[in-house]
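First the structure, in the form of structure tokens, and then the observations on it.
The values are calculated or read from the model by the stated rules, or taken from the named source; none is laboratory data. Every value quoted in this text rests on a predicted model; they were computed, and no experiment measured them. Neighbour counts run over all protein chains shown; Cβ positions are idealised from the backbone, glycine included. Keep in mind that these areas ignore ligands, DNA and RNA; they rest on the heavy atoms of the full protein, side chains included. Shrake-Rupley method; radii C 1.70, N 1.55, O 1.52, S 1.80 Å.
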Amino acid sequence: MAAIALTFLFIYKNTQHFDAQNISVYNGYVTSIYYDQFYVNEVNLISDSSATASVYVVPMSQLSYIPVVLPEKQIDKRNSTFSQRFELHYDQSENNLICNTVCEFNFTIELQQNGIVSGCPAQLFLYDNKVDLKIFKDNEPHGSVGHPVAQTGCLPKTGVANKNFHLPPNKLYYIGWYVAKNVGYTIWLSANLTRINISGLNENCNVSSQHTTCPITHTKYPHKKENISLLFNTTSTTMMGVNVTPVLVQWNLQRLIGVSASSCIGVVAVMVAVSVWFYYCMIRTVARSGYSTIA
């Protein structure tokens, strides 16, 4: 019975189903999903765009990263004549504020009081979606700010403030800014980012507006004792949303017990055989040790 229990436990541990993950794919950049100690046999993909996104399955040893430094740049300077909220842009290509593994944004903000200032002089908000950014802007100058991923407190009426943010990767960030009446300000932004390099990698499949199933040979990905990432990129000029569902994910037995997949299958077969033999012997033992009810 113990062998039977171990067999079912083995099978259970090697059949795992994951919930769908919604990711955003941006033009010219790579979005990644990381799997620790798992093989991915098959992935279902659904896109909300008519554009195409390429999918790569990459063992960790084949990943390479590109450090990206955005030099300090003045992103806005003006004197406010009334309280307001609005979005700030690093440049015309908002995709600059995205990374894969390291996201550090550094803001230098200088404020100057130019008259009577009531309430909060100024405050900065960071958003990872345009829905919350719109809520922030539509409720100016006061009211709901949505759900920012990071924000400053109220900044002092005069002087220079330095604010650093370390944010989750694989997001496109938007800058929301509130300023009170009679406040002059100048804002600079610099950033240290890391992005995944897919040069030289071969895509496994691609996904567009219709459902796509990507079969993946788990004997090839990952290599022995390696973890795995799914990488996505697109040449679309608009942001894409992709629904990612690993259909069959198997435990990375090579990592856990250091044996090959074929050896594991052999172990299961032996365990099943032993279980059957044990059950058969028990039945025969019970039959032989029975007693007669004939007087």
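Of note:
- Unique match (being farther than 30 Å from F232 by Cα, small (G, A, S) and without any contact (Cβ under 8 Å) to a residue 60 or more places away in the chain) among A161, A150: A161
- Under the condition of being modelled with pLDDT of 70 or more, surrounded by 13 or more Cβ atoms within 10 Å (Cβ to Cβ) and assigned to a strand (DSSP E or B), the residues counted in region 6-33 number 7.
- Identity of the residue in region 163-213, open to solvent by 60 Å² or more (accessible area, probe 1.4 Å) and among the small types (G, A, S), that ends up nearest to L133 (Cα to Cα): S209
- Counting only strands (runs of 3 or more DSSP E) that sit completely within region 133-219, those holding 1 or more residues that are among the polar types (S, T, N, Q) and either under 14 Å from R85 (Cβ atoms) or touching a strand residue (DSSP E or B) at 6+ places or on another chain (Cβ under 8 Å) (or both) correspond to 159-166, 183-197, 205-207, 212-215.
- Residue in region 92-102 that is surrounded by fewer than 14 Cβ atoms within 10 Å (Cβ to Cβ), touching a residue at least 24 places away in the same chain (Cβ under 8 Å), at negative phi and part of a loop (DSSP other than H, G, I, E, B) present: no
- Residue match in region 147-156 (condition: under 11 Å from A180 (Cα atoms) and touching an Asp or Glu at 6+ places or on another chain (Cβ under 9 Å)): no
- Of all the residues in region 54-88, those that are closer than 16 Å to Q123 by Cα and under 26 Å from the mean Cα position of the chain (by Cα) number 2.
- Just one of the listed residues (N162, N197, N202) is of a type outside the set (D, E, K, R), more than 28 Å from S49 (Cα to Cα) and within 29 Å of the chain's Cα centre (by Cα), namely N162.
- Condition check for N227 on (1) polar (S, T, N, Q); (2) under 30 Å from K130 (Cβ atoms); (3) open to solvent by less than 30 Å² (accessible area, probe 1.4 Å); (4) at pLDDT below 80: one failure, at (2).
- Leading residue by the ranking (modelled with the lowest pLDDT) among those in region 230-248 that are farther than 21 Å from S61 by Cα and among the aliphatic types (A, V, I, L, M): L248
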